[in-house]
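This report refers to the structure that appears directly beneath it.
The values are calculated or read from the model by the stated rules, or taken from the named source; none is laboratory data. In this text the structure is predicted, and so the values were computed from the model without any measurement. With ideal geometry, Cβ positions are generated from the backbone for all residues, glycine too; neighbour counts draw on all protein chains shown.
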């Protein structure tokens, strides 16, 4: 249908014309391409150990060098990047969906539903969230699902709050009243009239959720409670390099740099979209 | 002696900047060699439609366009010096609310000006600020000083802004639409205040306004601006009684309003009856015991100042709010409220005040209309095919004065007047029997206002729709309506045929309302009278702020401001009395006051 | 206002109760026993568990724990017999808090200054440099920043100490790593809100009243622009005050974060619980204080709270 056209229109509305957003998108595109292609096409595997070539510096054969088990770091870093990205996107989507659902329900229904959700959000947000992620990963055992579950304990709260505020603000706008007077069903008002107008803030929040999740995952793996070997994410690779930090700092710098580039690129897109929305608000007010 | 002398002022906005002055689409608001002058102790008006460049001229004189626009001039002098804001010139803006810092007490906002001007100590500044507040007619200035802007009423905020301007001890005050955001009664007060200030302090005043009535009431000389140029200038008498330019004549004609194309009112079958409707709020305007009827095909206007409950009534009728008590009959049947909010199966529709908020920015005009059709289809159970829907949308757009192609455009691509046309089309597409227009014209320019008004009347005549027209603008109300209801403090104080009520008001409040509208006629406007307006209560000590709009528990709501108040007015609410076509709530017309009448006696105005 | 505060405190207590309950059961779900260690036979483990009452029904244990918690007793650490949990917290928190406060102060000062410059500066290049810089800083996770700083200043240049928190010089690197991200966010927020604030009519009016440019910025605009900054800084300072696990572990600082990580790896039930409850209290208290501070700055919010009282 024209959903695709609408989508493209929205994307153009929020991203088009901003050099920063375009640069961010391009960097992100290259990054994703590498994360997808390197594990498939690179001659070295991420897990194959070779004691003869351990701790090598960068060379034409091993672009990022090798780690202490002689594994090729370039392969490992991009493999880990893929894992990190999967975790980031999956948890951002789950959190986003959860947040939009709860926020929209609370904002539109009001009364007790709103009360219930907001109290729950208050309680969850008073928990030091990192603590809970750690506890949960320990209980569920290491692995991608437990990390995602941990990330979803409190990750949706911000999104829910933002959506709730937006929906509440718009619920009393005249166009919502007009829709009700025409006899439009409440669900249709919510989906057709209100949520599309909150698309901007939702998009921004969603974009920022990804680097947040990637960051938290890297951080957990860094603490040693994340993924288990031989699976590797950027965090675990950084953690592995830590014991030899003084001798071979480059083993740590490469994955760190890859991580920072990704977070930076997403931040650029998010910030540009946020600024765009801010400008649009100013114009309409 | 010339206080302000401006020759050949040119302004060119920097085009790459998106945010310019808020006074409209500033891209076109460029000045081409504008010259004007103000004599000592004189009030000069600068009038024109929005976008004509009058606000830009003011900002340029004050030197507040730095960094936003290129300003050049042949001469600009204020008593021989360059104008310096805060030293020899001061400004009063339209929106007092946004001019005052919301988080700083009003006393400090005045005192800091005095300190910046005189370099004196805090204590002296505070004392002077109290004097100034007293001068601008604020009672109990010491307590008011400690309040925040949002705790004051609109009129009082504008007084505070004027006091802050006076604190600069200026030779010239520039007032940019100083009364536009205010109710008529408060507007009259501010007009008189400005006049008094000019008389007492000897300062000059340059008034920027689009309102010909206000200009007539204040100014002795007038400049008419159009598209960045001075179109015409002269004394007030010249401009108002013998305008040379067609543009000026058009402005005057728009201001005097619009001649009614008498419509409807042949069959007198009531479409909507409201009986003893009551809705009370803690903080918002409530209504109490309101009863009225609207007949098929007629236009009923509701007038009254903000906070009088007009909008609350409209919102109850449209199903946005529910009443506390009372009943609404639609074609003799009790109004049924569905949970989805639509009332009478979509037979009542509404045109809102702000066309920017009334249209969903994510939907094209066509989609918005389609949604309306879909909603109506849901109620009636009739689903239209896609072609039928398209056809209906095209037809209704054309009827509303737009093109069929406009269906694919988003609201932001339309001007305010065009948006209001879309809103009207959306209201009409479901074929309603009653159209509620809640201040539907007040956010539009005079030109767009006239066009939309004639569109509404035309459609009404064609389709025979009844219309509930809500407005605070007595000019408009007088021109459009068959019957009128005047609301004050949540009750309907007077209702009757518009012709009767406007030419011979019976209720003291109606009289006041009509008299405080300044006419675009300097002689008539000079007779403008001030009326007392209740002020928001001062917060005492640390106690919570009383909500000012709460209805008084007993008595006539107008008793406190009424010059004819009787003893019983404060203790008892007057009942509704009917005399012919007129209905009135006032003890002046009670038997107890005027005595028992003989059979054939015809009641006349008691005031 | 008082009623509002009371309500918030009550919600906070409720939150803590939920937090303690969920954590209590969650901790016991972690596989492994607190006393399981290499070379210790299972009989010994069971004996010790019995001594600590770990073989009683879960509900009884829970009630006992909550009872003593209500009396303010957080119990004894399993790992470090004889040491009370309260004592461990009392030892670790001042270290964490002193670092957190230093980082918070650094972030606020730096962020505000850069934000104001970005909003006010007429030099476009300067504005762009500041916004690019803050974007870059916000893109570097704190642990990455910590590692990079350490590699550069301690390993390569050997200018600054890499571990411990003995002298003011030791504070430099951890403070820098901790404050980088909040400083970036604060500068961005301050810059954006101040710029929006400066567009408003009251600023124009203040200038028309004859107030100077800087006076208008500092006495009028900045105060209003700071409200959103504060509502970010509140939760951010809460996380700074409860300690950063990573920064503390990278720089080997004996603070709360490190205690927590070691308590989790050791399955030290009472210490995990005690730390969770303590951190929860700090977070709730700081958030409440932030809201009260905002209300103090913004009379409109004050009124909204007051109306809630009625």
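Among the numbered conditions (1) more than 28 Å from residue B:447 (Cβ to Cβ); (2) in a strand (DSSP E or B), the only one that residue B:467 does not meet is (1).
A single entry from A:204, A:261, A:214 fulfils the requirement of being in contact (Cβ under 8 Å) with a residue 60 or more places away in the chain, surrounded by fewer than 24 Cβ atoms within 10 Å (Cβ to Cβ) and within 19 Å of residue C:142 (Cα to Cα): A:261. Where residues in region B:129-147 are buried (at least 21 other Cβ atoms within 10 Å of the Cβ) and either over 29 Å from the mean Cα position of the chain (by Cα) or assigned to a loop (DSSP other than H, G, I, E, B) (or both), which of them is nearest to the other protein chains (Cβ to nearest Cβ)? In this case the residue turns out to be B:129. Residue B:80: at pLDDT below 85 and away from every other protein chain (no Cβ under 14 Å), yes or no? Yes. Do we have residue A:44 as surrounded by fewer than 22 Cβ atoms within 10 Å (Cβ to Cβ), at pLDDT below 80 and either within 19 Å of the chain's Cα centre (by Cα) or not in a helix (DSSP H, G or I) (or both) here? Yes: the conditions hold for residue A:44. Quick one: in region B:573-592, which of the residues that are surrounded by fewer than 15 Cβ atoms within 10 Å (Cβ to Cβ) and over 13 Å from residue B:506 (Cβ atoms) is modelled with the highest pLDDT? This residue is B:575.
Candidates are the residues of region C:119-155 that are surrounded by fewer than 16 Cβ atoms within 10 Å (Cβ to Cβ) and facing chain A (nearest Cβ under 8 Å); the one that is nearest to the chain's Cα centre (by Cα) is C:136. Scanning region A:217-234 for residues that are outside any helix (DSSP H, G or I) and free of Cβ contacts under 8 Å to residues at least 24 places away in the same chain yields A:224, A:229. Looking at B:194, B:252, B:206, just one residue is in a strand (DSSP E or B) and touching a residue at least 60 places away in the same chain (Cβ under 8 Å), and that residue is B:206. Away from chain C (no Cβ under 12 Å), assigned to a helix (DSSP H, G or I) and under 30 Å from residue A:47 (Cα atoms): is that true of residue A:237 in this structure? It is true that residue A:237 is away from chain C (no Cβ under 12 Å), assigned to a helix (DSSP H, G or I) and under 30 Å from residue A:47 (Cα atoms).
One residue stands out in region B:354-383 among those that are more than 7 Å from chain A (Cβ to nearest Cβ) and not in a helix (DSSP H, G or I): the one that is farthest from residue B:404 (Cα to Cα), namely B:381. Of the residues making up region B:384-413, just one is touching a residue at least 40 places away in the same chain (Cβ under 8 Å), within 14 Å of another protein chain (Cβ to nearest Cβ) and closer than 17 Å to residue B:351 by Cα, namely B:411.
Here the condition is being away from chain B (no Cβ under 11 Å), surrounded by fewer than 20 Cβ atoms within 10 Å (Cβ to Cβ) and in a helix (DSSP H, G or I); of C:273, C:293, C:194, C:240, it holds for C:293 alone.
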